[in-house]
Amino acid sequence: MPIRIRYLGLVYRASGLYEEIIYLDTPIPISALLEIVFERHPEVMKLIYVEGGLNPLYRILLNGRDIEHLEGLNTKVYDGDVVTFSSPFGG
Amino acid sequence: MRFKLLRVDLTNLSTKVDELNGGIIRRYVGGRGLGAYLALKEIPKGADPFGPDNKVYILTGPLVGTASVESGRYHVVAKSPLTGILGDANSGGQFGPWLRFSGYDGIVLEGKSEEPVWISIVNGEVKFHDAKKLWGKGVFHTEKIIRDEMGIHDESIGSILSVGPAAENLSRISAVMNDKYRAAGRTGLASVIASKGVKAIWAYGNRKPTEELYDRKGFFDEAKKVIEKIRNHDISKALYQFGTAVLVNIINEHGAFPTKNWQQGTFDDAYEISGEKLADTYLKARKGCWGCVILCSRVSEVEEGPFMTPLSEGPEYETIWANGGSTMISDLAALVKANYLMNDMGFDTISFGATVGTLMELYERALKGELPEDKARELIELAKDVNPTWGNAHALLQLIWMTAYRNRIGDYVAEGAKRLAEYFGYPDAAVHVRGMELPAYDPRGINSMSLSYATSNRGGCHLRAYSVSFDVLGVPKKFDPLGVDEEKVELVKMQQDYFAFIDSVIVCKFNTFSTGPEDYIGLMKTGLGWEDYTVQELLETGERIYNLERLFAVREGYGYQDRLPKRLVEVSLPDGPAKGKTSKEALEKYLPIYYDIRGWSDGKPLPDTLDRLGLEEFKYIIS
């Protein structure tokens, strides 16, 4: 099942990609997806992973909803979902 | 500190200097706050924005041009021709510092000149120059001619504030321009300057504001601490890499990217006009304002093709959204070119793009027979050569010229979205607050913005309170952008007060992502000698300014009602993560709480509130 991953801002710079598709066999939690993403893109891990957890200025969205307002890292991703790694910003 | 204010009487082409005492500065600081105070005292109720009674305050603040980081800014205040209430706008670049270096902390333009003039201010000496040969010329050409005349071609020396043809032709969506690409964009104040016959101001001199500081060494130490906080912050790094345009994809992902004139919350082609795409295509360099360590400005160039554009600054997120998302134009090169032309003609790029989006909707409705028959016929006739349909980049570019010179349909676009939509019989197509077009965040997808927009004193604005910072980014604390939470109200009010101080002192708002009010206390103590200054006084000063601005609207008899446009409260978003949401529930919940903590009733400050803030002299307005 395809999951669309988007990398924005500084995460885009770290991954070198705007978007990629990762294929999963079954639904998995975001925490497991992170392991796959970090393995593919170690620079992303260096960027968003800080001592004690994820840097709070880098937000993870599932279909446009911040996972903090879903089930955090336990939020499961399903067929066709879009997971976005969002960057700090100012506007 | 004494604030040296140059009063320019355009009617008689004469000047005088006022020195404002330290008491006034401590209460209103400078910039936006001082402008609001002076405007409320000096601009008569009911004044015609384009009449001689209106005044334009071009003001710096006590930190401008000092060693305080991000202090290269100035503020413009006048009665707005767009909203009919107090207008104000802020700009970076270099003009603010150079105005102080020229010998003055602010300028007031009064009266009206019979012939166009430009003004030079050099080391305190003021001269009026014939501007007939500049009238009708774009901002870039105007700056070149003035620099030729002054004999200074190095653009880092001296600075020019000017207005473009849009302002000369009294467009209500014009922008005050400086240093070619920087704009005090909102509320149409460039047209007030042009209505007084002023085309440009040249500022140059050798005054050193840093030498006037109370405790120079202490100030440098404090400034250094603030600089380090800003320089090392992740948000500053992101702004350097991608500028504000990084927001295109982020806000689109949240379903709050107003698309097709606020009829959708997401744009399928967002990536095509994003900061990431800009960085990989037309971006040639990064640049900052005077004294900046962030360098968020983009320097872009389109080297070939129909939208070829010379090396120039921009575009910003707001410009890309208004002229791209709102109009569904997905060609980034076209937006770079549009940005360049709008700067040269002197437009507020938010209001301009938003008005073009409104025009595109009206045109579509005219073709479908959804406007009154006579109005539909008139609109189709006026716009037929332009064909303002969704996604038509050539129409956007053509409209910049037509609007600047008020040609055919451009004559109506020049009036802004509200008047355009009202004239053609479909007022709901204009998405505005107090007559000013809303910027690039849909409050149906980021609900704290419903309160930020509705209560913004200058009309629809994201810079009175940038509650996106806590609803989306999580600064200072993360909230659910779709969740109704009373705690957001207190934060919106705090941001409004804090930002009013920031616009008065004056530093860049991008500082506020990495610093808080407490970071400015040391600067005020050492810079101005206010040794007993506290965070509480700083925020109370901001609150005083916010109430002053509101009093201007109350005195005019309109513009104090805190409402959102019908489209946002009655029509739900059809797409994205905020699908099905309106702003109704959030605003109805937030507004009574907001009034309670502000000490207002139905949008008007209560007598006790004015007493508490030391605004007794203005109590007559609410009695």
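The values are calculated or read from the model by the stated rules, or taken from the named source; none is laboratory data. Just so you know, these numbers come straight off a predicted model, no measurement behind them. Please note: Cβ atoms are built from the backbone with ideal geometry, for glycine as well, and neighbour counts cover all protein chains shown.
Scan segment B:315-357 residue by residue and report those that are of a type in the set (S, T, Y), touching a strand residue (DSSP E or B) at 6+ places or on another chain (Cβ under 8 Å) and farther than 18 Å from B:A89 by Cα. Explain how you work it out, then say what you get.
Taking segment B:315-357 and keeping what is of a type in the set (S, T, Y), we get B:317, B:319, B:326-327, B:330, B:340, B:349, B:351, B:355.
Still in the list and also touching a strand residue (DSSP E or B) at 6+ places or on another chain (Cβ under 8 Å): B:326, B:340, B:349, B:351, B:355.
Passing the criteria: B:S326, B:Y340, B:T355.
Restricting B:G542, B:G559 to those that are assigned to a loop (DSSP other than H, G, I, E, B), in the same structural domain as B:I597 (by TED's automatic domain parsing) and either touching a strand residue (DSSP E or B) at 6+ places or on another chain (Cβ under 7 Å) or not aromatic (F, W, Y) (or both) reduces the list to B:G559.
Is segment B:391-403 home to any residue that is more than 30 Å from B:V489 (Cβ to Cβ), out of contact with any Cys (no Cβ under 8 Å at 6 or more places or on another chain), crowded, with 21+ Cβ neighbours inside 10 Å and polar (S, T, N, Q)? Checked segment B:391-403: at least one residue is more than 30 Å from B:V489 (Cβ to Cβ), out of contact with any Cys (no Cβ under 8 Å at 6 or more places or on another chain), crowded, with 21+ Cβ neighbours inside 10 Å and polar (S, T, N, Q).
Hey, among B:A245, B:A270, which residue is under 18 Å from B:Y181 (Cβ atoms) and either within 14 Å of chain A (Cβ to nearest Cβ) or buried (at least 24 other Cβ atoms within 10 Å of the Cβ) (or both)? I'd like the intermediate steps shown before the answer.
Details: B:A270 fails: under 18 Å from B:Y181 (Cβ atoms).
When all the criteria are applied, what remains is B:A245.
Of the residues B:L548, B:L528, B:L564, B:L538, the single one that is surrounded by 14 or more Cβ atoms within 10 Å (Cβ to Cβ) and either within 14 Å of chain A (Cβ to nearest Cβ) or closer than 17 Å to B:V489 by Cβ (or both) is B:L564. Taking each residue of segment B:136-159 that is on the phi < 0 side of the Ramachandran plot and looking for partners that are among the basic types (K, R) and not in a loop (DSSP other than H, G, I, E, B) with beta-carbon atoms closer than 8 Å, six or more apart or interchain, yields B:T142/B:K199; B:H153/B:R147; B:E155/B:R147.
Of the strands (runs of 3 or more DSSP E) that lie entirely inside segment B:60-174, those containing 2 or more residues that are within 30 Å of B:H462 (Cα to Cα) span B:74-79, B:86-91, B:106-110, B:159-162. When you scan segment B:216-225, do you find a residue that is of a type in the set (F, W, Y), touching a residue at least 12 places away in the same chain (Cβ under 8 Å) and either within 14 Å of chain A (Cβ to nearest Cβ) or closer than 30 Å to B:V571 by Cβ (or both), even just one? Taking every residue of segment B:216-225 in turn, none turns out to be of a type in the set (F, W, Y), touching a residue at least 12 places away in the same chain (Cβ under 8 Å) and either within 14 Å of chain A (Cβ to nearest Cβ) or closer than 30 Å to B:V571 by Cβ (or both). In this structure, does B:L311 turn out to be in contact with an Asp or Glu (Cβ under 8 Å, 6 or more places away or on another chain), of a type outside the set (K, R) and either in contact (Cβ under 8 Å) with a residue 60 or more places away in the chain or in the same structural domain as B:V431 (by TED's automatic domain parsing) (or both)? In short, yes. Please determine whether any residue of segment B:480-502 is within 13 Å of chain A (Cβ to nearest Cβ), surrounded by fewer than 19 Cβ atoms within 10 Å (Cβ to Cβ), touching a strand residue (DSSP E or B) at 6+ places or on another chain (Cβ under 9 Å) and over 20 Å from B:S236 (Cβ atoms). Yes: one or more hits.
The lone criterion from (1) out of contact with any Ser or Thr (no Cβ under 9 Å at 6 or more places or on another chain); (2) polar (S, T, N, Q); (3) within 27 Å of A:N63 (Cβ to Cβ) left unmet by B:Q536 is number (3). Being within 14 Å of another protein chain (Cβ to nearest Cβ) and hydrophobic (A, V, I, L, M, F, W, C): is that true of B:A333 here? For B:A333, the condition - within 14 Å of another protein chain (Cβ to nearest Cβ) and hydrophobic (A, V, I, L, M, F, W, C) - is not met.
Evaluated against (1) over 20 Å from B:E222 (Cβ atoms); (2) within 14 Å of another protein chain (Cβ to nearest Cβ); (3) charged (D, E, K, R), B:K509 falls short on exactly one condition, (1). Candidates are the residues of segment B:1-51 that are in a helix (DSSP H, G or I) and among the aliphatic types (A, V, I, L, M); the one that is nearest to the chain's Cα centre (by Cα) is B:A36.
Report, by residue number, each residue of segment B:449-476 that is part of a loop (DSSP other than H, G, I, E, B) and touching a helix residue (DSSP H, G or I) at 6+ places or on another chain (Cβ under 6 Å).
In the first step, residues of segment B:449-476 are kept if they are part of a loop (DSSP other than H, G, I, E, B); the result is B:455-467, B:474-476.
Once the filter is applied, which keeps residues that are part of a loop (DSSP other than H, G, I, E, B) and touching a helix residue (DSSP H, G or I) at 6+ places or on another chain (Cβ under 6 Å), segment B:449-476 yields B:N457, B:R458, B:G460, B:R464, B:A465, B:S467, B:V475.
So how many residues does segment B:500-533 have that are small (G, A, S) and part of a helix (DSSP H, G or I)? Walk me through how you get there before you give the answer.
Start the filter on segment B:500-533 by keeping residues that are small (G, A, S), which leaves B:500, B:504, B:514, B:516, B:522, B:527, B:529.
When the remaining residues are screened for being part of a helix (DSSP H, G or I), the result is B:500, B:504, B:522, B:527.
Counting residues in segment B:500-533 that are small (G, A, S) and part of a helix (DSSP H, G or I) gives 4.
When segment B:586-621 is filtered for residues that are in contact (Cβ under 8 Å) with a residue 40 or more places away in the chain, over 23 Å from B:S450 (Cα atoms) and of a type outside the set (A, V, I, L, M), the ones remaining, listed by number, are B:T609, B:G614, B:F618.
Keeping to segment B:262-286, report how many residues are touching a Gly at 6+ places or on another chain (Cβ under 9 Å) and either of a type in the set (G, A, S) or under 14 Å from B:D575 (Cα atoms) (or both). Write out each step before concluding.
Narrowing segment B:262-286 to residues touching a Gly at 6+ places or on another chain (Cβ under 9 Å): B:262, B:264-267, B:269-270, B:272-273, B:275-276, B:278-279, B:283, B:286.
With the extra rule that they be either of a type in the set (G, A, S) or under 14 Å from B:D575 (Cα atoms) (or both), the set shrinks to B:262, B:264-267, B:270, B:275, B:279.
Of the residues in segment B:262-286, 8 are touching a Gly at 6+ places or on another chain (Cβ under 9 Å) and either of a type in the set (G, A, S) or under 14 Å from B:D575 (Cα atoms) (or both).
All told, B:V64 falls short of being within 20 Å of B:Y546 (Cβ to Cβ) and either modelled with pLDDT of 95 or more or of a type in the set (S, T, Y) (or both). Between A:L33, A:L10, A:L70, which is farther than 23 Å from B:F242 by Cα, within 14 Å of chain B (Cβ to nearest Cβ) and at pLDDT 95 or above? Sole residue among the options that is farther than 23 Å from B:F242 by Cα, within 14 Å of chain B (Cβ to nearest Cβ) and at pLDDT 95 or above: A:L70.
Any residue at all in segment B:520-533 that is of a type in the set (G, A, S), within 17 Å of B:S450 (Cβ to Cβ), touching a Leu at 6+ places or on another chain (Cβ under 6 Å) and modelled with pLDDT of 95 or more?
In the first step, residues of segment B:520-533 are kept if they are of a type in the set (G, A, S); the result is B:522, B:527, B:529.
If we keep only those that are within 17 Å of B:S450 (Cβ to Cβ) as well, we get none.
Scanning segment B:520-533, I find no residue that is of a type in the set (G, A, S), within 17 Å of B:S450 (Cβ to Cβ), touching a Leu at 6+ places or on another chain (Cβ under 6 Å) and modelled with pLDDT of 95 or more, so the answer is no.
Would a scan of segment B:104-121 turn up a residue that is surrounded by fewer than 24 Cβ atoms within 10 Å (Cβ to Cβ) and either in contact with a helix residue (DSSP H, G or I) (Cβ under 6 Å, 6 or more places away or on another chain) or among the polar types (S, T, N, Q) (or both)? Taking every residue of segment B:104-121 in turn, at least one turns out to be surrounded by fewer than 24 Cβ atoms within 10 Å (Cβ to Cβ) and either in contact with a helix residue (DSSP H, G or I) (Cβ under 6 Å, 6 or more places away or on another chain) or among the polar types (S, T, N, Q) (or both). With respect to the stated conditions, B:R298 is more than 8 Å from chain A (Cβ to nearest Cβ), part of a strand (DSSP E or B) and in contact with a Pro (Cβ under 9 Å, 6 or more places away or on another chain). In segment B:260-269 there is no residue that is closer than 22 Å to B:D234 by Cα, in the same structural domain as B:T355 (by TED's automatic domain parsing) and among the small types (G, A, S). Candidates B:Y412, B:Y405, B:Y453: the one that is in contact (Cβ under 8 Å) with a residue 24 or more places away in the chain, under 30 Å from B:S601 (Cβ atoms) and not hydrophobic (A, V, I, L, M, F, W, C) is B:Y453.
Rundown of residues vs (1) closer than 28 Å to B:H233 by Cα; (2) under 13 Å from the mean Cα position of the chain (by Cα); (3) surrounded by 14 or more Cβ atoms within 10 Å (Cβ to Cβ); (4) within 7 Å of chain B (Cβ to nearest Cβ), yes/no style:
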| residue | (1), (2), (3), (4) |
| --- | --- |
| A:I3 | no, yes, yes, no |
| A:Y18 | yes, yes, yes, yes |
| A:Y23 | no, no, no, no |
| A:V37 | yes, yes, yes, no |
| A:G52 | yes, no, no, no |
| A:D81 | no, yes, yes, no |
| A:T84 | yes, yes, yes, yes |
